[in-house]
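Before any comments, here is the structure.
Just so it is clear, none of the values below were taken in a lab; they were calculated from the coordinates. A quick note: this is a predicted structure, and the numbers were derived from the prediction, not measured. All Cβ positions, glycine included, derive from the backbone under ideal geometry; neighbour counts span all protein chains shown.
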Amino acid sequence: MTSPIAVVTVTYSSGDYLHEFLRTLDDATSRPVQVVIADNGSVDGAPEKAAADRDDVTLVHTGGNIGYGGAVNRGVAELSRLSGDEPPSEFIVIANPDIEWTPGCLDELLAAAERWPRAGALGPLITEPDGTVYPSARRVPDLVSGTGHAVLGAVWKSNPWTVAYRNEDAQVSERPVGWLSGSCLLLRREAFDAIGGFDSRYFMFMEDVDLGDRLGAAGWLNVFVPTATAVHAKSHSVSKHPEKMIPAHHDSAYRFLADRHRGPQWAPVRVALRAGLTVRAKIAVTAALREQRRENEERSHGGS
């Protein structure tokens, strides 16, 4: 009998997104699936309904909103518990609940894993609902490019640091990259365990950059597989709560760069980086909230 593919998704009142995730998952692979939902405090009942409706779904309550990476780690630990004395699955799929799978997506990623035996992570080409290709295969940011992108990315989208970070000049071809979007990943369990999984200090954002960077440092590859495709509704919670999500993003950017520039000789750089990102976050939140108010007023006037 073919062993099931282990799938972990993290929910936080994901509603109908989770339904579509599971519905399209059935056609993503010819193999059976074993799904673990790591729930970070949903109040919509969607995770409970999914677990009740499907025998291949196990629901784990994390006890609160512990962040994405920490919840994934909790879900992977549950997979180990479910396997009992059996060897763990060779691969784990990590995906956001707002992913919609295209037919055969996971089978294509598994086939690529055979072609790349040193691939610790493999990711598909990800599109947004309107067909726009999301830049899911990127370079690992260094101090200069990471800071340049964080400070200028929103106001000067074509600046050289953002272009380099998003890898916009690269061909759409199967190849190793610096890191892959954590919204949809096939991970080799051996590689994931070897680096200790996600760094749970990242509440949200950059945990996938950190994971890809640590995989590379440990000798594994991050492989982009554009012949596998998935659709990502993308950040449905981020757009609703910019006052929480934008500071979280900037905090994660600081953690990533500060972790790689430790020691007293880098202290002035860390101080400047923290100050710059704090100011940048405040500006971005103000702009996002202003845009929210404008859109709400337009909707209000349109309905009157």
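R0 = 22 Å: FRET efficiency of Q292 with D44, Cβ-based, nearest 0.05?
My answer for the efficiency is 0.50.
Please give the net charge around L180, taking every other residue with its beta carbon less than 9 angstrom from that of L180, where Lys and Arg add +1 and Asp and Glu add -1.
Value of the local net charge: 0.
Stretch R175-T2 to full length: gain in nm at 0.36 nm per residue minus the Cα-Cα span?
59.4 nm
Students often check this: by mean Cβ neighbours within 10 Å, which of 199-208, 67-76, 287-296, 123-132 ranks highest, and how do the rest follow?
In descending order of packing, they fall as 67-76, 199-208, 123-132, 287-296.
Would segment 242-303 count as rounded, prolate or oblate if I go by the C-alpha gyration tensor, calling it rounded below 1.5 in a/c and otherwise prolate when a/b exceeds b/c, oblate otherwise?
prolate
If you take every residue apart from E108 with its C-beta less than 14 Å away from the C-beta of E108, what net charge results, scoring Lys and Arg +1 and Asp and Glu -1? Let's see the in-between values first.
Values: positive: R31, R115; negative: D27, D107, E114, E174.
Combined, the nearby Lys, Arg, Asp and Glu give -2.
I want to check the label-to-label distance for D53 and R260. Put each point 7 Å from Cα in the C-beta direction and report it in nm to one decimal.
In this crude spin-label approximation the distance works out to 4.1 nm.
How big is the antiparallel share of DSSP beta bridges in the chain, given as a percent to the nearest 5?
Rounded to the nearest five, the antiparallel share is 45 percent.
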